[in-house]
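Report on the following structure.
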Amino acid sequence: GEKARLFPCCLSSYQSERKEKVETALGNRTQPRDRSRVARFAAGGARQDPVTVAAPSYTRRMVVSNLMHHLHMDSIAFAGSDPHTEGGFRSRITPLSRRKTVYDIAVVGLGIAGSSTVYQASRRNLKVIGLEQFGSVIHAMGSSHGKTRIIRQAYFEHPDYVPLVLDAYREWDALEQTIGERLLIPTGGIMMGRPETDVVTGSRLAAQQHGLPFEELSAAEVRERFPGFRITDDEVAIYEPQAGYLRVEPGLQALIREAQRHGAEIQFNQVVEDVQLQGDHVVLTTPTGTFAARQVILTVGAWLTRWAPALPLEVERQVPMWFRPEEHHNLDSLPIYIREHPRNGRQAYGFPYIEGQGIKAGVHHQGQISPLDQVNRQVTSQDIEQLMETLDFIPSIHADSLQEALVCLYTNTPDSHFVVGRVPQNPGVIIAGGFSGHGYKFGPTVGSLVTDMALGTQPGPALFHPARFR
């Protein structure tokens, strides 16, 4: 049978692609059903592959009916099946008249974007539910783990991010004031590379355009001020005093706690199998039941590649590492940094030495691209060698001081800008993803943005709109 990954999107080629796939399904409709996969899914055992299951063999009438439904693009369809109906299909959607609760907003996926969204929506006295496929917001399968994330203002990716990141600073500060705990640790930040590199020219442009404080430093000035760095004479740097890092897991936990304090309902181990329009509501189906909401916000991280296969998204494997060198006095007071290597072009990023953690570093992008279910979750010697080659400007770090390494995921767009917007012809569904390795810092701001979109008070930035990929 055909694998069901049906999600209407903005690309015009999607309809013709669906016709071909359904024609294939019609031609093979007599093939035996993969009952083992359906049974595993119904039992909750397929959570590593939560939105891709083998579809049953349909009757011609049902396949044609579903085809017309998809081509009108008036539903988000997951071609699910009833495991107790041989060779056919029976809807598992409970009629609205039998459902007790209709939520204002349902959020699918509780990484940083989803946790921030339930936090922001619940603070506005909306009836909110958050559904997460894993057993906690703290897990190592997605993109919202790894102890720390950089936060910076002179945003070299595009000056239009600066107002958003300034708002994020205010949001993180407000959350800190509420919980009485430090989440944002200021360290200053330095972007290093040859004068023509993006990290240098883009940081300067963003700072100048938005009136941000910054300094331009020569290589000699960098080495004098920060003895832990040994950049080459043909490099320069942009230093910004307001940069720092965020504490990742405490931030996620605080967002969920505050959302619950404001009345949000949070459910873990809920694999959403189906999202469909039903009247003026959107209905979500999980193995344990159904949920109805006026608006659904999909913040599913790398799983967006399955929910929205027509979007040009890629999953990139990343391997940050932690080192504990014996001599780290030159590393304790480092700023956060990004340095574009003058020879291999890789962008190294990192943090100062943090007590109890060591010094974290990684390579921003140039990781392995693969389908989500083919990501190598094991750290390899090649990963270590690649990072060590890129960290040659920090002589205190040696491979033998490596203490920890883990795999995380980027979900990339072709232009490295986010994808935030409504699904065309599905006004009840908003997607927020494609954060391309630089989304965590914007969490509370993205949560506020998509909540505003759900309420109809703003359309969202054109820079992030899915329609740019038409």
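The values are calculated or read from the model by the stated rules, or taken from the named source; none is laboratory data. Since we're looking at a predicted model, the values are computed, not measured. Note: ideal-geometry Cβ built from the backbone for every residue, glycine included; neighbour counts use all protein chains shown.
Points to keep in mind about this one:
- Residue under evaluation Leu212, criteria (1) of a type outside the set (Lys, Arg); (2) more than 30 Å from Val429 (Cα to Cα); (3) touching a strand residue (DSSP E or B) at 6+ places or on another chain (Cβ under 6 Å), criterion not met: (3)
- Selected residue (only one of Gln242, Gln276 is among the polar types (S, T, N, Q) and in contact with a Pro (Cβ under 9 Å, 6 or more places away or on another chain)): Gln242
- No other residue among Gln270, Gln276 is at pLDDT below 95 and surrounded by 19 or more Cβ atoms within 10 Å (Cβ to Cβ) apart from Gln276.
- Residue count, the range 422-439 (criterion: of a type in the set (D, E, K, R) and either touching a Phe, Trp or Tyr at 6+ places or on another chain (Cβ under 8 Å) or farther than 28 Å from Ile369 by Cα (or both)): 0
- Gln366 being in contact with a Lys or Arg (Cβ under 9 Å, 6 or more places away or on another chain), on the phi > 0 side of the Ramachandran plot and not small (Gly, Ala, Ser): yes
Per-residue answers, yes or no, for (1) at pLDDT below 95; (2) out of contact with any strand residue (DSSP E or B) (no Cβ under 6 Å at 6 or more places or on another chain); (3) surrounded by fewer than 20 Cβ atoms within 10 Å (Cβ to Cβ):
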{"site": "Leu255", "(1), (2), (3)": "no, yes, no"}
{"site": "Ala259", "(1), (2), (3)": "no, yes, no"}
{"site": "Gly263", "(1), (2), (3)": "no, yes, yes"}
{"site": "Asp280", "(1), (2), (3)": "yes, yes, yes"}
{"site": "Thr285", "(1), (2), (3)": "no, no, no"}
{"site": "Val296", "(1), (2), (3)": "no, no, no"}
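- Some residue of the range 362-380 being crowded, with 16+ Cβ neighbours inside 10 Å, touching a helix residue (DSSP H, G or I) at 6+ places or on another chain (Cβ under 6 Å) and closer than 18 Å to Trp322 by Cβ: yes
- Where a residue in the range 244-271 is under 10 Å from Ser122 (Cβ atoms) and in a loop (DSSP other than H, G, I, E, B) and its partner, wherever it lies, is modelled with pLDDT of 95 or more and small (Gly, Ala, Ser), with Cβ under 8 Å and at least six apart: His262/Ser122; Gly263/Ser122; Ala264/Ala121; Ala264/Ser122; Ala264/Gly130
- Restricting the range 105-137 to residues that are β-branched (Val, Ile, Thr) and under 14 Å from the mean Cα position of the chain (by Cα), the residue that is surrounded by the most Cβ atoms within 10 Å (Cβ to Cβ): Val107
- Any hit, the range 325-348, residues being modelled with pLDDT of 95 or more, within 20 Å of the chain's Cα centre (by Cα) and not polar (S, T, N, Q): no
- Top-ranked residue of the range 297-323 - restricted to ones that are β-branched (Val, Ile, Thr) and in contact with a Phe, Trp or Tyr (Cβ under 9 Å, 6 or more places away or on another chain), ranked as nearest to Leu402 (Cα to Cα): Val315
- Output for the range 159-204, where each listed residue is closer than 16 Å to Glu258 by Cα and of a type in the set (Gly, Ala, Ser): Ala174, Gly180
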